[in-house]
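*Asks:* One structure, pasted below without further comment.
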Amino acid sequence: MYKAMRAAEVAIWREYLRARVQAKGWDAQRLVRGVRAVPRTLPQGHRWFLLKVHLNAPMTSSRMATVGHGPVLRCAFCRTDGGESWQHLARCGVVLSICDDLFAMGRMPPLHDALPALMLQGDADGASVSATVAVFASIWRVRASCNRLQIVPSLESLRRLVEQSLDCPWLVRCEPTSDRRSRRQARLREPAACPGAAIYRSDGASRGQGIAGDSLGGWGSAVWAPTERGLGEGPP
Ligand SMILES: [Zn+2]
């Protein structure tokens with residue numbers, strides 16, 4: 001039933017997206033065509049980020065200022081006055097300098113403005129779209145951390161942070177999306193009996209705690225000495 005409900009709503013949401021994009025002056029037909037061509041391998045975290053960009057949803061102080069909440073802050077990277085907006089971030093000299101280096105490694109042309117690329121207005125191939133989204137999703141996360149910690153990273157530090165986010169996507173909640181088969185394969189299984197060795201048993205959890213949302217991780221394990229039969233299947 002949920003599947004049918006979801007399918008029935010697709011046309012409504014597509015129209016909503018079209019209207020939102022067009023209201024900002026972008027070509028909605030191109031964007032919808034681009035969304036359909038986004039590679040299947042694009043992680044879900046990057047898809048959410050892309051959707052936020054398409055809906056003008058990234059929460060910057062510039063957006064808050066338009067509804068009367070505080071001033072527009074400086075750019076977290078180049079410290080331009082009033083630069084805390086998505087429009088500036090997409091053209092920020094510091095950000096584009098890092099993009100140039102990363103894109104050159106992938107033999108991609110340099111960007112002068114990331115917004116048209118993220119709004120899928122060109123004819124970029126799937127790999128280029130994935131790379132652009134990955135870089136800017138990382139920059140967006142790094143920006144949030146810099147603002148929270150009130151630090152201004154040097155160009156070199158920023159480059160390292162972005163590279164680290166790309167190398168370790170779980171740091172920015174953008175792990176590659178696994179399908180049902182790979183999830184089943186990765187499931188923990190009881191280890192096979194191993195003669196002459198004890199079998200370790202362990203469990204762990206990491207959940208948000210209270211309203212702060214901080215995660216606390218924990219783990220535990222138990223081990224039983226091997227018996228004469230060489231098994232360690234449970235407490236003696
Ligand atoms: Zn800037």
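Conditions (1) more than 25 Å from residue 175 (Cα to Cα); (2) not in a helix (DSSP H, G or I), marked per residue:
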| residue | (1), (2) |
| --- | --- |
| 48 | no, no |
| 53 | no, no |
| 58 | no, yes |
| 62 | yes, no |
| 72 | yes, yes |
| 96 | no, no |
| 99 | no, no |
| 103 | no, no |
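*Asks:* Considering only region 78-87, how many residues are surrounded by fewer than 20 Cβ atoms within 10 Å (Cβ to Cβ) and in a helix (DSSP H, G or I)?
*Replies:* Of the residues in region 78-87, 1 are surrounded by fewer than 20 Cβ atoms within 10 Å (Cβ to Cβ) and in a helix (DSSP H, G or I).
*Asks:* Just one of the numbered conditions (1) on the phi > 0 side of the Ramachandran plot; (2) buried (at least 18 other Cβ atoms within 10 Å of the Cβ) is not true of residue 68; which one?
*Replies:* Among (1) on the phi > 0 side of the Ramachandran plot; (2) buried (at least 18 other Cβ atoms within 10 Å of the Cβ), the lone unmet condition for residue 68 is (2).
*Asks:* Condition first: touching a helix residue (DSSP H, G or I) at 6+ places or on another chain (Cβ under 9 Å) and either outside the structural domain of residue 87 (by TED's automatic domain parsing) or in a helix (DSSP H, G or I) (or both). Now tell me which residues in region 1-28 satisfy that.
*Replies:* 14, 17, 18, 19, 20, 21, 22, 28
*Asks:* So which helices (runs of 4 or more DSSP H) are wholly in region 117-236 and hold at least 3 residues that are assigned by TED's automatic domain parsing to the domain that holds residue 36 and at pLDDT 90 or above?
*Replies:* 126-149, 155-167
*Asks:* When region 71-102 is examined, which residues are found to be at pLDDT 90 or above and on the phi > 0 side of the Ramachandran plot?
*Replies:* Scanning region 71-102 gives a single hit, 79.
*Asks:* Ok, one more. Please specify each residue of region 43-55 satisfying the condition of being modelled with pLDDT of 90 or more and of a type outside the set (Phe, Trp, Tyr).
*Replies:* 46, 47, 50, 51, 52, 53, 54, 55
*Asks:* Taking residue 13 as meeting all but one of (1) within 30 Å of residue 157 (Cα to Cα); (2) without any contact (Cβ under 8 Å) to a residue 40 or more places away in the chain, write down the number of the exception.
*Replies:* Residue 13 satisfies all of (1) within 30 Å of residue 157 (Cα to Cα); (2) without any contact (Cβ under 8 Å) to a residue 40 or more places away in the chain except (1).
*Asks:* Scan region 139-173 residue by residue and report those that are within 22 Å of residue 105 (Cβ to Cβ) and of a type in the set (S, T, N, Q).
*Replies:* 154, 157, 164, 165
*Asks:* Only one of 89, 31 is closer than 16 Å to residue 132 by Cα and touching a residue at least 60 places away in the same chain (Cβ under 8 Å); which?
*Replies:* 31
*Asks:* Going by the conditions given, is residue 31 assigned to a helix (DSSP H, G or I), more than 16 Å from the ligand (Cβ to nearest atom) and touching a helix residue (DSSP H, G or I) at 6+ places or on another chain (Cβ under 6 Å)?
*Replies:* yes
*Asks:* How about region 39-51: which of its residues are buried (at least 16 other Cβ atoms within 10 Å of the Cβ) and touching a helix residue (DSSP H, G or I) at 6+ places or on another chain (Cβ under 6 Å)?
*Replies:* Matches in region 39-51: 42, 46, 49, 50.
*Asks:* So, in region 34-79, how many residues would count as being of a type in the set (Phe, Trp, Tyr) and in contact (Cβ under 8 Å) with a residue 40 or more places away in the chain?
*Replies:* Matching residues across region 34-79 total 2.
*Asks:* Determine if region 101-112 includes at least one residue that is near the ligand (Cβ under 7 Å from one of its atoms), over 15 Å from residue 134 (Cβ atoms) and surrounded by fewer than 20 Cβ atoms within 10 Å (Cβ to Cβ).
*Replies:* no
The values are calculated or read from the model by the stated rules, or taken from the named source; none is laboratory data. These numbers come from a predicted model, not from an experiment. FYI the Cβ positions are ideal-geometry reconstructions off the backbone, even for glycines, and counts take in every protein chain you see.
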